[in-house]
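Written out below as structure tokens is the structure these notes cover.
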Amino acid sequence: MAVNLKGRSFLTLMDFTPEEIRYMLDLAHDLKAKKRAGIHNEVLKGKNIVLLFEKTSTRTRCAFEVAAMDEGAGVTFLDSGSSQMGKKETMEDTAKVLGRFYDGIEYRGFDQAVVEGLAKYAGVPVWNGLTDVDHPTQILADLLTIEEHVAKPLNRVKVVFSGDIRNNMSYAWMYGCAKMGMHYVAYGPAELQDQLNKDVIAKVQEVAKETGAVIEISADPAVLKGADVIYADVWASMGEEAEIPERVRMLTPFKVTEEMMAATENPDVIFMHCLPSFHDFETTMAKTQKEAGYDIREVTDEVFRSRHSVVFDEAENRMHTIKAVMVATMG
Ligand code: CP
Ligand code: NVA
């Protein structure tokens, strides 16, 4: 049956079938080729979108803005300091108002319930630009990047996520891999395994049974063998900065190094990262933490800059995949 996503919100990949995810990926490949060829069909002409950000962003905000402008849509950006939402107006009222002005709403914030609530009340598609438990537009970009760099179908690809296995990226990867029949390993401290949401893991394992995916949670370095992708993310996500000392203690053994890349025994292994990344001491945060005695780098500069690293292709693909999500759901 033909896929039709018009009017749908994009809150988590768990809401989509593998065929629907395939459709968005194919559309993204196509839109990327068209942009490279200088073709803009302005399929969103006459539409307007609003971007709500309660956390900071470079890629996600710019991806939505450029993607919308490429296709002829108008864009409004609102951060938490410049709207009434949450402080003087409820999420429900905000959604009802914005749904009358706009054809689509992006939301980045803390609680997944907020993006779900916006979708419930807005009457127009709502797109999740990151919450504490998911980052679905990032996974779509990551899958596109894997298809460009790994000479295998997705259902034969093994992704090892090394680090804070209970963060938004780790869960988002579980959803993406489960849906696309991939092999995912959340590789991180054994002491974190108990903190994983058991209902979510059960749901993911249920999907994996249907798609042939393998979802593993492990602290054993033997899982690195055969990885096609080593994936890293910051050790302390936005809003968790106070926990840096504890995170450094717990996650330093999971820093991505040249030794870890070699342990995959795959000469073609790629390194991926959603970015932003601490890979040197050139940022104020990495520098300040180093002065306080904490090395917060989740990956070495050698790996980040190595031939294995595809992080900037991945960043570019945020734009092409977000464009695909908007065109598919709102176009
Ligand atoms: N990867 C990602 O979401 O980047 P930003 O925080 O810059 O949007
Ligand atoms: N886990 C990170 C992802 C940033 C794109 C965070 O939430 O800060």
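Here Phe110 meets the list (1) among the hydrophobic types (A, V, I, L, M, F, W, C); (2) in a helix (DSSP H, G or I); (3) within 16 Å of ligand 2 (Cβ to nearest atom); (4) under 17 Å from the mean Cα position of the chain (by Cα) almost entirely, failing just condition (2).
What about Val159, is it open to solvent by 20 Å² or more (accessible area, probe 1.4 Å), under 18 Å from Val207 (Cβ atoms), in contact (Cβ under 8 Å) with a residue 24 or more places away in the chain and among the hydrophobic types (A, V, I, L, M, F, W, C)? No. When region 265-286 is limited to residues that are among the hydrophobic types (A, V, I, L, M, F, W, C) and open to solvent by less than 30 Å² (accessible area, probe 1.4 Å), the one that is farthest from ligand 1 (Cβ to nearest atom) turns out to be Val269.
Conditions (1) open to solvent by 20 Å² or more (accessible area, probe 1.4 Å); (2) out of contact with any Ser or Thr (no Cβ under 8 Å at 6 or more places or on another chain); (3) within 16 Å of ligand 2 (Cβ to nearest atom), marked per residue:
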| residue | (1), (2), (3) |
| --- | --- |
| Ala242 | yes, yes, yes |
| Ala263 | yes, yes, no |
| Thr288 | yes, yes, no |
| Asp301 | yes, yes, no |
| Arg307 | yes, yes, no |
| Asn317 | no, no, yes |
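Considering Asn48, Asn41, the condition of being modelled with pLDDT under 95 and not hydroxyl-bearing (Ser, Thr, Tyr) is satisfied by Asn41 alone. Within region 293-331, the set of residues being free of Cβ contacts under 8 Å to residues at least 24 places away in the same chain and over 22 Å from Glu259 (Cβ atoms) comprises Gly293, Phe312, Glu316. Residues of region 69-83 include at least one that is more than 15 Å from ligand 1 (Cβ to nearest atom), in a helix (DSSP H, G or I) and crowded, with 19+ Cβ neighbours inside 10 Å.
The values are calculated or read from the model by the stated rules, or taken from the named source; none is laboratory data. Predicted model, so just to flag it, every value in this text is computed and none were measured. Note: ideal-geometry Cβ built from the backbone for every residue, glycine included; neighbour counts use all protein chains shown. Accessible surface is based on the protein model in full, side chains and every heavy atom, while ligands, DNA and RNA are left aside. Shrake-Rupley method; radii C 1.70, N 1.55, O 1.52, S 1.80 Å.
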